[in-house]
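Remarks on the structure that follows.
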């Protein structure tokens, strides 16, 4: 930790800062520069007790040297974490595509798309039973009934199933019906939800908040890891910027940056990133090339009838075609698709 | 609703779009322009059934004419809503300052600051029992014990009390202990929480998400209103931009914009907006001048010992001084402080 | 300057970094922390020679302690700079409003508005002869003819005149016709233009770039100051964010922040900040309350016929009314209007 | 053009809007909706005369249907533009990498890197003689002397050479020394510079401004095209967002979006996008996979001695290695490297 004092801070004030540091069992090293005094702190300054120091009037700026996360960091665990969902390995040699409709709308809809996905080789079906919607007047999902349909689909097709969880009260019940949970972008800093998901024994896809920094994103994963659930997959899904040409701006640099900073698998959701069907192929290719471990893509048996996200959902035939086009890039990157 | 078709869309395709509109009981008016065909939709196109239309390949863009919110809009209710918290009126002639520490840390801390605030004329005390923290290793709040302390403070001092609620399971119990609930920025789109808060009979301060547009902010209020709770106060608290000189960027234009678009009271939180003690006076003055109905300010008996937000909390003497400096501006704006 | 080395950097590598620092006549102080080594640099590390160091593979991060600007800083010159334009003082006790149309369109247009502004007490007329337009097909300004009209207006009415300069080749000639130059937001980092304006002997209003940080903004002023022109006025005019409800987002916190960091006068342009006539009154009030030294406002004799920015230009009668409404706030803030 | 009137607009006011439209030779089609009246405009409403209409008080919003650019659009010219620089074709089957140091620093530096690049198969050398620097105290480039060195390098090595132009007065002279000009991000809306570059007969790489929308970016190209220079190459180089983990955020979605909206070649600059050497390989791969026509990469014979951008410049051996790693992806995408 590096503490920069304001210009003209008195010696007495500087002494008071150093006393505070020593009180916490750490060692202050004062550096008297030409215009300012800087105090370096030796020891693990991630202690909360130092938080109050920020309030001292004589301090201009405090810079942390250590990263705020531990369990999620590559320094803590140098080798890649491979998350197992059934017999599927995410973060290993295989490139994994999780696909399906935005939400479960009916038995026939979900069964139709599941059979199609099974046929083209997809192993994990995504579909939301609970839907976060900007408007209280929009379709809010089928709820428990949707979860039951997912389980039914799983039994009939052998597909693994994944769904979003939004409410702390739904975590346990959802975990009984599906193979993997998802935390959506809007809930990335819903800390109570993170804690609850940290307590169940099932893999979780954590989506990056639209305005979350890389560091906050990893800290959200740290919440889950710190409660005991080690099977976290990070999913970049676009951030909010000034650009209005797309729904969100895919932050492709996040992929190699997350892979380097953490040991967790990293996926990309090109559907929400762009909000446009026509961008899914190029963004999927770019994600593979940037080093992602998988993709999450929206496919709907009939996007024109979709109750949500129709404009970004692929038609089944489009999805099959894209799948074929992604294979050569996966191969070049040394991944199996 | 205005639908712009892609260039070279066939007549047949355009016909299919119009058929869809008619199916929903609305009237399509086609306009054949020089480069593109546009279809205007007459009738209330806020129906969900039209959502699927966005998926049609021949459509380039859909623009809504109607605003997505109803209950929150000034067109629906032209006169100002005045929210009553005990005998305090927010949104009326009085300018209301809600003040207190970031979080409840101990009985002595909360009682000390409450007595001080009472003395300087503040009527509503803010203090969090549950704390949203970026790090799982930071102080997470005193929980139920904190709620009990708040009630105790209320009984002893006569102050009204306000606290943040983060978890749907805490809404009812919190409502029993305090006079007003707060939904924090990170939970502005925690829709289950909005719904739950919509069901209790107690005023709510809804803070704007760091990356929420004005329209999404009003839609979050609409969630609460649509569940029956009419006492919603909007609170601007800074948005996230590229600027790193302050913690967030106070969006001062939001104040007059929200006042015009909705009938709800609008407050500003200069503490979180800036994250810097030195900016609180100028930002408070600016907020009053821009037409805000109140302020939420962090004050701590001893910021250097605060367990959270110390650097943006005012010392009691600083707060008293600022309070005096705000009075003349309130007067000019025709508000009582 | 604080240099953080990557974890596991060898002693030899650290030694190489320190050697580089010593080569530049500065003193390295190594601090061996628990996870990382940090090297503090004592001396004025603003030297360019250290730039190359950033390229060393063993360095994780370099943090500057000193601010990059000197001449513009309050540490360099503690008292406020008062810029004199004719007999008008900007940055002193008077609150100064510069007003006028976006661009000069004709003799009658500019004379009509000038006479009106004179009548209501305005002393400096703004009007662009050269216009930065997003589209090459839009009106580009009257050029030299416009400058001549400005001079004519000045002679007939006694108003001081101000205009934007975009092209380095126009700086000298413009300076002969007007009393104050303006550098627009899009040219804030047009460094050749800054240098050219730094060489003339006439006050300059420097507008903040739409995506410029506070630090970059001050550095742009430093360019002008470092060439010899000391009469620089900073003008906040809104930054670009994700919010689309207004043309730009007025960064009101910039006003007190700039006033504290520099000694230069600070103005606000509520017209470009919002792009909406209806927001000009509240944003003007907020700017005064936040401590601004002046405003720049667009007024047009007939906004409906304006060749640019009609939607944000005030009608003369609206302007007179706003002017009256600003006086009480100026008074409260101790400023004369 | 679609004009939405404010609620409760009188019939007379609506009539006045329609009269204005007719005055301009266009046809208004009024649509009386349930809450608002909308007026559609038939005809080419890109006329400036309609600009003033935005100022009418009864108008709530104006939406353009037509895109603001013509010459740059794919609708205007459906087939790809191939820009020829010497015998190199950009935008065709070949994937083109422009490489070199940030700036020309000395004869030996530029010659050394040129010989290296020649050896590894690069055909176009980038190097700036004029440098846009945030600080007036930083190295500003070698100027004319640098241009002469570039020409010398070209003669000795046979490499084509490219350089940035910042000042309108340097355009003609620069065009005499090099094979391709570059307009940097900070000058993307330096309209006088765009016009000047539009008048010379030499290819131009136009870099996207850090806060420029896709539409503004294409409009900047339109400026150049409209003056007669048809050889424009668009270059995405990262936008400014809230994320501070990298220098800028590469907007990978811009690549397919620009390729679809325009017929111009699209390149990516992974060096400025990230500001980090370690991200250049993954971002280069992603750019190729997203459909880019080329890359611009910074390489320096000795980054540690670089006078600018050392931390993002590759060492020659790193560059050779990356070059090899890009070939398989180019092949998969059907491009020759």
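Bear in mind these aren't lab numbers, they're just calculated from the coordinates by the rules spelled out. All of these numbers come straight from a predicted model, not from anything done at the bench. Here the Cβ is made from the backbone with ideal geometry for all residues, glycine too, and neighbour counts use every protein chain on show.
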Computed over chain C: longest principal axis from alpha-carbon atoms vs helix C:316-332 long axis, angle to nearest 10 degrees, is 50
One quarter of the C-alpha convex hull surface, i.e. the mean projected area of the protein assembly as shown in nm², amounts to 45.5
Most exposed to least, judged by fewest other Cβ atoms within 10 Å, B:177, A:223 sort to B:177, A:223
With a Förster distance of 35 angstrom and the Cβ-Cβ distance between residue C:15 and residue D:321, calculated FRET efficiency to the nearest 0.05 equals 0.80
Whole-Å distance linking the alpha carbon centroid of region B:12-37 with that of region B:76-104 is 47
Looking along the axis that carries chain C onto chain D, the residue of C whose Cβ comes nearest, with distance in whole Å, is C:211, 2
For D:293, B:44, C:170, ascending order of other Cβ atoms within 10 Å (fewest first) is B:44, C:170, D:293
Once normalised by the length of chain C, the mean sequence separation of its alpha carbon contacts under 8 Å that are 6 or more apart gives a contact order in percent of 16
Sorted shortest first, the nm distances from the residue D:331 label point (7 Å along Cα→Cβ) to its counterparts in the other copies are 1.0, 8.2, 8.2
Distances in nm between the label point of residue B:119 (7 Å along Cα→Cβ) and its equivalents in the other copies, shortest first, are 5.7, 7.8, 7.8
One computes Rg over Rh for region D:2-63 from alpha-carbon atoms, with the Kirkwood Rh, and obtains 0.92
Per chain C, sqrt(5λ) over the Cα gyration tensor eigenvalues, sorted largest first, in Å, gives 44, 20, 19
Dividing the mean separation of Cα pairs under 8 Å (6+ apart) by the residue count of region A:146-273 yields a relative contact order in percent of 18
Here the averaged projected area of region C:205-337, based on the convex hull of its alpha-carbon atoms and given in nm², is 8.7
Of the convex hull drawn through the C-alpha atoms of region C:33-119, the volume per residue in Å³ is 246
The helix B:144-157 Cα axis meets the longest alpha-carbon principal axis of chain B at an angle in degrees, between 0 and 90 and rounded to 10, of 60
Region A:274-304 scanned against label point 7 Å out from residue B:23 along Cα→C-beta; backbone N under 14 Å for A:302-304
Here the convex hull volume per residue of region C:158-201, taken over Cα atoms and given in Å³, is 60
The whole-number value in µm²/s of the Stokes-Einstein translational diffusion coefficient for region B:136-183, with Rh from the Kirkwood sum over alpha carbon pairs at 20 °C and 1.002 mPa s, is 191
Taking the label point 7 Å from Cα along the Cα-Cβ vector, the copy-to-copy distances for residue C:93, listed from shortest in nm with one decimal, are 3.6, 8.0, 8.3
Region C:24-170 -> Rg/Rh from Cα coords, Kirkwood Rh, value 1.24
Rounded to the nearest 10, the angle in degrees between the Cα long axis of helix C:11-23 and the longest principal axis of the Cα atoms of chain C comes to 50
Each residue of D:30-37 has, on average, a number of other protein chain C-beta atoms within 10 Å of its C-beta equal to 4
antiparallel share of DSSP beta bridges within the protein assembly as shown, to nearest 5, in %, is 40
With only helices counted (DSSP H, runs n ≥ 4, each -39500 (n - 2.57)), the per-residue ellipticity at 222 nm for the protein assembly as shown, to the nearest 500, works out to -10000 deg cm²/dmol
The alpha-carbon pair-distance distribution computed for region D:94-251, with 10 angstrom bins and whole-percent values, is 11, 38, 37, 14, 0
Expressed to two decimals, region C:147-232 has a Cα Rg over Rh, using the Kirkwood radius, of 1.00
Taking a crude spin-label model, label points 7 Å out from Cα along the C-beta direction, the residue C:215 to residue D:44 distance in nm is 4.8
Whole-number value, in Å³ per residue, for the convex hull of the alpha carbons of region D:238-303 is 86
For residue D:120 and residue B:199, extending 7 Å from Cα along the Cα-Cβ vector and measuring point to point gives, in nm, a value of 6.3
